[in-house]
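Beneath this line is the structure, given in structure tokens, with notes to follow.
Coordinate-derived values only; no laboratory data. On a predicted model such as this, the values are computed, not experimentally measured, just so you know. Here the Cβ positions follow ideal geometry from the backbone for every residue, glycine too, while neighbour counts run over all protein chains shown.
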Amino acid sequence: MCKEDGWLALLRPRLDCQHILLEPDQVHYCEYLSLGTLFSLVKPNAANAKRRDPLHPDEALFVTVHQVFELLFAQHIFELLRVRDSLCENLFQDAHEILIRVIKLTRHYSLLMGLLGTMSRDHFGMFRGKLAPASGFESEGFRLIEIYSGMREDSPYVVLNDKLYTYREFLDQPPSTHRATCLWTPRMTQACSEGSIYDAFRRALTKHDVEPESVGHLGHLLPRKVRSIALSLAAYEEALLGFRRAHRDIVEYQIGYQEGTARTAGVAYLDSVIVTARLFPDLKVGSMLLESRRSSVW
Ligand code: HEM
């Protein structure tokens with residue numbers, strides 16, 4: 001409570017957030033960040049259409065962590081588009097700086113995922129049954145990150161029952177008894193046609209008469225600006241794999257080897273994606289990573 005609350009409140013009314021401002025049009029933290037709206041959007045209860053009262057207190061953490069991920073995914077996409085456009089305009093230094101931000105953001109996901117390891121299996125079990133068939137599998141944000149990074153419709157994505165599925169083949173399946181939601185969206189088709197950071201990098205290599213496959217061997221022969229982008233891409237691929245592994249480990253801890261809520265084989269599915277899916281398949285990421293750690297600026 002403000003000391004001068006009595007007379008001041010008459011002149012300057014309290015906002016919904018309960019603060020009193022000096023000037024009515026001053027920039028104010030709660031409004032700038034839309035905090036009222038933001039908090040009203042955390043509504044945990046998978047069993048109740050109004051989403052009131054969590055089935056267990058940990059369901060609030062579960063919802064908040066997913067929402068934070070979605071906000072960060074949106075920022076991630078925004079930054080990927082900036083990297084791609086900078087590469088197209090030959091602004092390599094800008095592209096490199098933003099790519100470092102993208103790497104840091106991606107590394108952050110593993111830590112964030114770890115929060116869900118503080119939830120016991122029993123407590124998760126108290127609301128998990130009500131989540132099906134919903135799953136992070138349905139996150140369009142994550143798919144746009146994959147596409148704007150370098151995943152193509154015909155990229156190998158997963159092997160199930162000895163059959164290799166390409167990215168689009170796997171995701172673009174109509175709803176059926178095995179798949180509650182068709183995961184391919186028009187926005188993903190649009191993203192594929194717009195091009196990725198990897199497309200832009202490959203074009204830049206062509207201008208320098210360099211084949212993507214030889215980037216890992218050419219090392220110091222590459223123009224410095226091209227090399228630093230190649231090293232950053234290698235570190236980015238590793239960071240995204242780190243996120244996939246952190247997610248896979250939480251899944252194993254929480255549900256063991258059960259089927260996922262979206263009806264995949266759960267950990268077995270995620271393991272296959274980790275082995276099969278690559279953003280930058282032509283780059284010799286492994287050898288470049290050793291070098292990127294030595295010359296690391298991040
Ligand atoms: C207790 C925590 C979690 C569990 C048990 C879990 C479980 C699963 C499972 C089993 C799948 C495979 C699809 C299915 O059958 O449902 C999956 C996919 C996925 N989850 Fe989670 N998840 C958890 C947390 C998260 C979080 C916090 C995110 C962040 C957005 C997330 C994002 C994803 C994504 C993007 C996929 C698709 C991965 C791919 O297709 O390669 N998950 N999850």
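Worth pointing out:
- Using the empirical formula 2.2 N^0.38 Å as the baseline, the Cα radius of gyration of the range 1-131 reaches a ratio of 1.51.
- Residue-averaged [θ]222 nm for the chain, counting only DSSP H segments that reach four residues, each worth -39500 (n - 2.57): -18000 deg cm²/dmol
- Residue by residue, the range 122-133 carries 3J(HN,Hα) couplings of 5, 5, 4, x, 6, 10, 4, x, 7, 7, 4, x Hz when phi is fed to the Karplus relation 6.51 cos²θ - 1.76 cosθ + 1.60 (θ = phi - 60°); x denotes Gly or Pro.
- For a paramagnetic label modelled on residue 208 (point 7 Å from Cα along Cα→Cβ), amide N atoms under 19 Å away belong, within the range 67-88, to 83-88.
- Computed across the chain, the Kirkwood hydrodynamic radius from all distinct Cα-Cα pairs reaches 21.8 Å.
- Taking amide H as placed 1.01 Å from N in the peptide plane, the amide H of residue 183 sits under 5 Å from that of 173, each at least 5 places away or on another chain.
- Phi-based couplings in Hz for the range 85-100 (Karplus 6.51, -1.76, 1.60; Gly and Pro marked x): 5, 5, 5, 4, 8, 6, 8, 5, 5, 4, 4, 5, 5, 6, 4, 4
- Pair residue 48, residue 20: separation of 7 Å Cα→Cβ label points (nm): 3.7
- Table column - 3J(HN,Hα) (Hz), the range 185-195, Karplus curve with 6.51, -1.76, 1.60, x for Gly and Pro: 10, x, 5, 6, 4, 4, 4, 4, 6, 6, x
- Shown for 14, 82: other C-beta atoms within 10 Å of each C-beta, ranked fewest to most, produce the order 14, 82.
- 0 to 90° range, to nearest 10: angle between helix 197-207 axis and the chain longest Cα axis: 30
- Pairwise inverse Cα distances across the range 81-179, averaged and inverted, put the Kirkwood hydrodynamic radius at 16.9 Å.
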